[in-house]
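Sharing a structure, written as structure tokens. Questions coming.
The values are calculated or read from the model by the stated rules, or taken from the named source; none is laboratory data. None of these values were measured; they are calculated from a predicted model. Note that we place each Cβ from the backbone using ideal geometry, even for glycine, and neighbour counts take in every protein chain shown. Note: accessible area is taken over every heavy atom of the protein model, side chains too, but ligands, DNA and RNA are not part of it. Shrake-Rupley method; radii C 1.70, N 1.55, O 1.52, S 1.80 Å.
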Amino acid sequence: MRPGETRPGAANEIYERAMARLLEQLQLRAGTDLGLANALWHVANGSLFGCRAILAAAAREFAAVRGTKRLPAALVVGEIYVRTNGFANDHIVARLEERGVRVKLVTCGEFIEYVDHVNRHQNHRNGLAARLGTAAQEQVRSVAHRIMTRELGGHDRVRVAETLAAARGYVPESLQGEAVLTVGAALQHWRAGLIDAVVNVGPLECMPSKVAEAQFFHITQQEGLPTLTLALNGDPINAETLDNFLFEIHERFRKAEGGTVAVSV
């Protein structure tokens, strides 16, 4: 919402307020003796321990401040800690948004789903408890996603099996770790027409990041996906590197739209 919001700061206000309410609700329910049967019922019926109403209200508030501005979209992928910690990635999401780009950030929940997938399909943990846990997690993710898209629109939730399938041909599923997720998420979103570019972030000399960067070189050549890999070590991101990359993205977007796009860099 942020790059096109109708009132500056509105999206952050809504997010912070809703996040505080969600944490308060979860802490409240965690302090009670739910029991396994009751907990599973809250998941199965979609109430999500009282969080459903909070998510729905936040979605309506977001929809109310969403502008109509057409902007290119970038997906931020990469090493799980660096991509999700603003200090570690020099606030890459904000830097991209300041340059007129909508940003989708692959969440840390992807890795939780991936670990469960590996346990089920490669480590053969397929007992009743494991299957029940997988089903419960999937229900929580799917319900939350549907609540938000009902108000805001958007695509179906991307499951980790789809991410792994998208990476085939570049990174095999047998290479466990973040590289296959990084490449797969980028390709799945690009092939579905959901993004215009990918920014891959990771620690300096991180091997999964280097594997992904190497494959992105081939992906750019073969599939046309613009990518930028940033190896971070605590120093600020070079602004010129971002500006040059995003100039190209805006130019491609302008030509695809058949018009002009105002860019503030």
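Give the number of residues within region 110-137 that are open to solvent by less than 40 Å² (accessible area, probe 1.4 Å) and either touching a Lys or Arg at 6+ places or on another chain (Cβ under 7 Å) or not small (Gly, Ala, Ser) (or both).
Number of matching residues: 9.
Then there is this: Quick check: anything in region 245-254 open to solvent by less than 40 Å² (accessible area, probe 1.4 Å) and closer than 16 Å to GLY78 by Cβ?
yes
Read through the list (1) over 30 Å from ILE249 (Cβ atoms); (2) in contact (Cβ under 8 Å) with a residue 12 or more places away in the chain, then give the number of the only condition that HIS145 fails.
(1)
Okay, next question. Being on the phi > 0 side of the Ramachandran plot, of a type outside the set (Lys, Arg) and either without any contact (Cβ under 8 Å) to a residue 40 or more places away in the chain or in a loop (DSSP other than H, G, I, E, B) (or both) is the requirement here; does GLY100 meet it?
yes
ALA136 passes all but one of (1) assigned to a helix (DSSP H, G or I); (2) of a type in the set (Gly, Ala, Ser); (3) farther than 26 Å from PHE49 by Cα; which number fails?
Against the list (1) assigned to a helix (DSSP H, G or I); (2) of a type in the set (Gly, Ala, Ser); (3) farther than 26 Å from PHE49 by Cα, ALA136 comes up short only on (3).
Here is a follow-up. From the list GLY184, GLY169, GLY202, pick out the single residue that is more than 22 Å from the chain's Cα centre (by Cα) and more than 23 Å from LYS69 (Cβ to Cβ).
Among GLY184, GLY169, GLY202, only GLY169 is more than 22 Å from the chain's Cα centre (by Cα) and more than 23 Å from LYS69 (Cβ to Cβ).
For region 34-73, give me each residue that is polar (S, T, N, Q) and either surrounded by 14 or more Cβ atoms within 10 Å (Cβ to Cβ) or over 30 Å from ARG252 (Cβ atoms) (or both).
Residues satisfying the conditions are ASN38, ASN45, SER47.
Additional query: Among the residues of region 40-58, is there at least one that is under 27 Å from the mean Cα position of the chain (by Cα), free of Cβ contacts under 8 Å to residues at least 24 places away in the same chain and not in a helix (DSSP H, G or I)?
yes
Scanning region 211-230 for residues that are open to solvent by less than 60 Å² (accessible area, probe 1.4 Å) and part of a helix (DSSP H, G or I), which turns out farthest from GLU251 (Cα to Cα)?
By that ranking, first place goes to VAL211.
Against the conditions (1) more than 24 Å from ALA256 (Cα to Cα); (2) touching a residue at least 24 places away in the same chain (Cβ under 8 Å); (3) surrounded by fewer than 21 Cβ atoms within 10 Å (Cβ to Cβ), where does LEU105 fall short? Just the number, please.
(1)
Give region 1-25 a look and list any residue that's over 16 Å from ARG60 (Cβ atoms), surrounded by 15 or more Cβ atoms within 10 Å (Cβ to Cβ) and either touching a His at 6+ places or on another chain (Cβ under 6 Å) or not charged (D, E, K, R) (or both), or say none.
Once the filter is applied, which keeps residues that are over 16 Å from ARG60 (Cβ atoms), surrounded by 15 or more Cβ atoms within 10 Å (Cβ to Cβ) and either touching a His at 6+ places or on another chain (Cβ under 6 Å) or not charged (D, E, K, R) (or both), region 1-25 yields PRO3, GLY4, GLN25.
For region 74-92, give me each residue that is open to solvent by 30 Å² or more (accessible area, probe 1.4 Å) and closer than 23 Å to ARG141 by Cα.
Across region 74-92, the qualifying residues are GLU79, ILE80, TYR81, THR84, ASN85.
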